[in-house]
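Can you read through this structure? Questions will come right after.
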Amino acid sequence: MRKARIVIVLLVFVALAPACSGGGTGGSTSSPAGSPTGGGPSPVTTSPGSTPSAGSVTGAWKGTWESTKYPPANGTFDVVFAQTGQALSGTVRVNESTCIPVGTLTGVLAGSAINFGAVEGAHTVTYTGSVQGDSMSGTYKAPQCADDAGTWTATRV
C-alpha cells in the first residue's frame, strides 16, 4: 500500500513536469538545444459536469511554474483533476516543457495538503503543496529532467 502511494505521488508530479523546460538557460519560451519545439499536444480539457463539492479539487486548473534550479526557466500548465475521496487522477499539459509536455497524473488530497505526480514515459515530476479554496501552490521536483526543482501555483478555472 505504501509503495502504491509513492508511485501515485510520483505519477502526479510528472504530469506537471515544469522542471524539464529550457534547461535553465532561457525564458518562458526557450528550449534547450536539440529539444523538440512546435505545435505540441492539444490542450487539456474538462468534461461537462456539476460544480465540485467543497474540499474537492475536481475540475480544470491553470497554473504557473518557475524553476529555482535553472532561473529564469518558467512557464504555465493546465491540469484537470478527478477526485474520489482523497485519491486524485487526471491529466496535465505543461507549456514550455520539452521533458513532459503532457502527462497522466495521480495523487492524494488530505485536508489542505495536496501531493501529486505526473508521468510521461520514463519521466516523472512530483508536486507537493497546499490548497486553499480555488487556489493551490507548492514545490515540484523533476529528477529525470536535469534534476530540476522549483515552485508552482494554480487557480481553478
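Please enumerate the residues belonging to the stretch 94-148 that are in contact (Cβ under 8 Å) with a residue 40 or more places away in the chain, within 14 Å of residue 61 (Cα to Cα) and touching a Ser or Thr at 6+ places or on another chain (Cβ under 6 Å).
Across the stretch 94-148, the qualifying residues are 95, 131.
Oh, and also: Only residues that are part of a loop (DSSP other than H, G, I, E, B) and at pLDDT 95 or above: list them for the stretch 70-88, please. Step through it out loud before you land on a result.
At the first step, the residues of the stretch 70-88 found to be part of a loop (DSSP other than H, G, I, E, B) are 70-73, 85-86.
Of everything in the stretch 70-88, those that are part of a loop (DSSP other than H, G, I, E, B) and at pLDDT 95 or above turn out to be 85, 86.
The values are calculated or read from the model by the stated rules, or taken from the named source; none is laboratory data. This is a predicted model, so every value here is computed, not measured. In this analysis, Cβ positions are derived from the backbone assuming ideal geometry, glycine residues included, and neighbour counts consider all displayed protein chains.
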